[in-house]
Amino acid sequence: MKPQIIPLRVIGDDRGSLVAIEAEQNIPFEIKRVYYIFGTKDGVERGFHAHRNLQQVAVAVRGSCIMTIDDGKEKTEFKLDNPANGLYINSMVWRVMKDFSEDCVLLVMADQHYAESDYIRDYKTFLSELSKK
Ligand code: TYD
């Protein structure tokens with residue numbers, strides 16, 4: 001599956017809103033890890049890596065940021081500014097996050113535990129590993 005926005009159903013009533021995230025239901029994998037990025041300083045860009053095997057879904061549960069996904073051929077910018085939208089991020093794509101609002105809380109669900117060996121942190125290595133696929 002390519003990177004794409006997954007709409008998350010909002011259960012709303014006169015008290016407010018609720019979104020439920022369920023592994024292998026509205027998120028297309030078993031969730032092994034959840035982390036969140038917050039308190040990002042003004043002007044900071046993060047990411048600049050690809051993952052060899054990891055799949056993730058990112059949700060801006062508060063605030064906004066821009067996620068650029070580069071598959072080696074094409075770059076696509078996704079604005080994450082809605083807690084009812086998840087961005088599905090497949091493996092072997094280069095991601096950069098920028099333009100974090102001061103209040104941004106970016107929640108990320110992943111299908112693997114943290115492993116530095118899964119990261120490609122050098123863009124040339126990313127392109128070279130892609131070409132061997
Ligand atoms: P990193 O993935 O490089 O951050 P970003 O892509 O957002 O710039 O992670 C930053 C640091 O946090 C790095 O030292 C690895 C560590 N880390 C963990 O220990 N566990 C995790 O689940 C994640 C995502 C990062």
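In table form, for the structure just shown:
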| quantity | calculated |
| --- | --- |
| Residue list for region 11-35, filter: surrounded by 15 or more Cβ atoms within 10 Å (Cβ to Cβ) and closer than 18 Å to D81 by Cα | V19, I21 |
| Unmet requirement for I11, which otherwise passes all of (1) over 30 Å from E129 (Cβ atoms); (2) within 15 Å of the chain's Cα centre (by Cα); (3) hydrophobic (A, V, I, L, M, F, W, C) | (2) |
| Tally of residues being out of contact with any strand residue (DSSP E or B) (no Cβ under 8 Å at 6 or more places or on another chain), within 11 Å of the ligand (Cβ to nearest atom) and open to solvent by 70 Å² or more (accessible area, probe 1.4 Å) across region 90-133 | 1 |
| Among the residues listed as L80, L8, L87, L54, the single one being open to solvent by less than 20 Å² (accessible area, probe 1.4 Å) and in contact with a Pro (Cβ under 7 Å, 6 or more places away or on another chain) | L87 |
| Of residues in region 74-132 being of a type in the set (G, A, S) and in contact with a Leu (Cβ under 8 Å, 6 or more places away or on another chain), the one farthest from S17 (Cα to Cα) | S91 |
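The values are calculated or read from the model by the stated rules, or taken from the named source; none is laboratory data. Here the structure is a predicted model, which is why all the values come from computation and not from measurement. Ideal geometry is used to build each Cβ from the backbone, glycine not excepted, and the neighbour counts take in all protein chains shown. Only protein heavy atoms, including side chains, enter the accessible area calculation; ligands, DNA and RNA are left aside. Shrake-Rupley method; radii C 1.70, N 1.55, O 1.52, S 1.80 Å.
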